[in-house]
Amino acid sequence: MAHDDGGQGGSVKKIFIAGGSSEAGEVSAAMSLLRPAGFEVMADWPEMQRHEPKNLAPRDAEKIGLSLINAMLRADIFWLMLPREKSEGANFEFGFYLGAFYRESKGGILVSGDATALGRLYPYAMGSKGMLFPEHADALGYLMGMS
């Protein structure tokens, strides 16, 4: 499947990596590899999560949610590491990015992990707007090849 890098060539690529809390370690590891390869991570949510109180006040939740939405809007590439467990945040982020850029994907939508688990529909419904990788390492390898 062809991939449009938005005409960026070798320039910095802005990426948002979504996943569930169960994938926070994998997301952090991918971020640490992508940054030196020329990717700008738009939101380091695993690091943000480490500093959040267990129970967020509504105002704090709203502030964090809006900052993540703004980060997605600035991203050229969206990568969803499919959560091993149900994840409200990852599902919202995937739906938001897919909806915001469905007609004109900026840099690409990647999905990795077990798309058959948990009765998932949308990884398969993306069609030409995304790429589906069976393993997170496969998606990471693809991204590293872009740099």
Evaluation of TYR102 against (1) under 30 Å from PRO36 (Cβ atoms); (2) at pLDDT below 80 (one fails), failing number: (1)
Filter result (β-branched (Val, Ile, Thr) and surrounded by fewer than 18 Cβ atoms within 10 Å (Cβ to Cβ)) within segment 12-35: VAL12
Filter segment 9-24 down to residues that are modelled with pLDDT of 90 or more, among the hydrophobic types (A, V, I, L, M, F, W, C) and more than 16 Å from PHE92 (Cα to Cα), then give me how many there are. 2
Checking the condition under 16 Å from PHE96 (Cβ atoms) and at pLDDT 90 or above, which residue from ALA30, ALA37, ALA75 passes? ALA75
Selection from segment 9-35 of residues in a loop (DSSP other than H, G, I, E, B) and touching a residue at least 60 places away in the same chain (Cβ under 8 Å) yields GLY10, GLY20
Which one is least open to solvent (accessible area, probe 1.4 Å) among residues in segment 36-70 that are within 17 Å of LEU143 (Cβ to Cβ) and assigned to a helix (DSSP H, G or I)? ALA37
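The values are calculated or read from the model by the stated rules, or taken from the named source; none is laboratory data. None of the values given here were measured: they were computed from a predicted structure. All Cβ positions, glycine included, derive from the backbone under ideal geometry; neighbour counts span all protein chains shown. In case anyone asks, the SASA skips ligands and DNA or RNA and just uses the protein heavy atoms, side chains included. Shrake-Rupley method; radii C 1.70, N 1.55, O 1.52, S 1.80 Å.
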